[in-house]
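Data first, discussion second: the structure below is written as structure tokens.
Laboratory data are not the source of any read-out in this text; all were calculated from the coordinates shown. Keep in mind the model is a prediction, meaning the values are calculated, not measured. Here the Cβ positions follow ideal geometry from the backbone for every residue, glycine too, while neighbour counts run over all protein chains shown.
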Amino acid sequence: MKISEIFFSLQGEGIEIGLPTVFVRLFACDLRCTWCDTMYAVEGSDFKDYTVLEVVNEIEKHDCKRVCITGGEPLLQIKDVEELAFDLIDKDHTILLETSGHKMPPPILWTENSTISMDCKCPSSSMQDRMDFDLFTRLRPKDQLKFVIQDDIDYEYAIGILNRYDIKANIIFQPAYGSKLGWIAEKVISDKLEDIRVLPQLHKIIWGDKRGV
């Protein structure tokens, strides 16, 4: 497996925000979002090669059963991710997969011990045309669909997607890296969108723009 980093921190995004978690950040991504804040895990050569067993051993050093598999785009290494998920679940870990809405997660990540966090890329990312919108309708009530929002165009785009598709997952509105949160909160309140969570990137608030957190 090509691994960018493995670390123990607090979950900074989504419905598990604030919970202690072991992060496994896989290297490489086939998207190029304009506001990406983890480019070190997207391109270049800043990674190490691990076997799946070595990754499991690194995770277990942290004595935490909650694991987030993230990237980059982890599903570019889908066979290794699938094997890792089987091993972790067999050892009573729970998994949160962070992935974009353009690749189907393997069956093991649709089981009870796994949660899928899927991104719907909005226009400010320049990647909105890469999305597979049917994937969003497959998400379960325990899963989450995250919209990273930079401006009014993104906001209206997200509302349009939610009106167009039958989505059962938790809905997250999160500001793009470097953008403000308050105006999104005010619009959600003004528009009375009762089923949308407006959430920050907690790790950026606590530690700033740094790796390993």
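May I ask you to derive the relative contact order of the chain, considering only C-alpha pairs under 8 Å and at least 6 residues apart, and to give it as an integer percent? Could you put the intermediate results ahead of the total?
Values: 417 pairs, mean separation 41.1, N = 213.
Across the chain, relative contact order equals 19 percent.
Based on DSSP H runs of at least 4 residues, each adding -39500 (n - 2.57), what is the mean residue ellipticity at 222 nm of the chain after dividing by all its residues, to the nearest 500 deg cm²/dmol? Before the final figure, lay out each step's value.
On the way: 6 runs with 56 residues, N = 213.
Using -39500 (n - 2.57) per qualifying helix, the result is -7500 deg cm²/dmol.
Extent along the principal axes, Cα only, for the chain: 49, 33, 29 Å, with the longest axis given first. The alpha carbon centroids of the stretch 52-94 and the stretch 119-182 are separated by 26 Å. For residue 211, what charge total do you get from the other residues with a beta carbon under 15 Å from its beta carbon, if Lys and Arg give +1 and Asp and Glu give -1? Every neighbour counted, the sum reads 0.
Hey, fewest Cβ within 10 Å first, where do 40, 157 land in order? Could the numbers behind the result be given before it?
Working: 40 16, 157 19.
With the sparsest Cβ surroundings first, the list reads 40, 157.
Over the Cα atoms of the stretch 47-134, the radius of gyration divided by the Kirkwood radius equals 1.00; this is the Rg/Rh ratio.
Can you sort 131, 39, 118 from fewest to most other Cβ atoms within 10 Å of each residue's own Cβ?
Numbers: 131 20, 39 13, 118 24.
Lowest to highest Cβ neighbour count: 39, 131, 118.
For the chain, give me the percentage of DSSP beta bridges that are antiparallel, rounded to the nearest 5 percent. Just about 25 percent of them are antiparallel.
Between residue 90 and residue 185, the distance separating the two model label sites (each 7 Å from Cα on the Cα→Cβ line) works out to 4.5 nm.
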